[in-house]
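Beneath this line is the structure, given in structure tokens, with notes to follow.
The values are calculated or read from the model by the stated rules, or taken from the named source; none is laboratory data. Model, not experiment: these values are computed from the prediction. Methodologically, a virtual Cβ is constructed for each residue, glycine included, from the backbone with ideal geometry; neighbour enumeration extends over all protein chains shown.
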Amino acid sequence: MSFHDQQYSEKRDYMRMQVQATAVMKLPELGETLAVQCHDLSSQGMQATSELAVAPGTAVEVSIPSPNPHLPGLEAKGSVVRCSEDEAGRHILGVQFDSLG
């Protein structure tokens with residue numbers, strides 16, 4: 001059975017993994033670097049929480065270190081596509097990756 005033949009509650013062409021990892025998010029256009037909590041990760045993007053709001057359309061560079069010293073961490077470039085505030089006042093960021101590596 002292929003990936004697309006399997007039954008999933010979500011109709012995406014890529015799998016998302018639930019993770020709890022601290023990521024470094026650089027905002028090159030603004031000269032800022034944020035520590036964010038990554039909650040959801042796929043080859044196409046991620047969802048993370050931040051203490052600061054980041055406007056949709058903002059270019060980002062994301063780095064998630066590997067817990068295994070023998071495996072590389074994740075390095076990606078992309079942009080924020082969504083920013084909303086949760087009930088605790090944290091900002092939920094949706095990031096779409098343009099490139100990995």
**Asked** Within segment 4-25, is there a residue that is among the charged types (D, E, K, R), modelled with pLDDT of 90 or more and either out of contact with any His (no Cβ under 8 Å at 6 or more places or on another chain) or in a loop (DSSP other than H, G, I, E, B) (or both)?
**Response** no
**Prompt:** Applying the selection to segment 50-79, what residues are surrounded by 15 or more Cβ atoms within 10 Å (Cβ to Cβ), polar (S, T, N, Q) and closer than 21 Å to Gln18 by Cβ?
**Reply:** Ser50
**Subset tally (residues that are outside any loop (DSSP other than H, G, I, E, B) and within 19 Å of Thr22 (Cβ to Cβ)) for segment 84-99** = 6
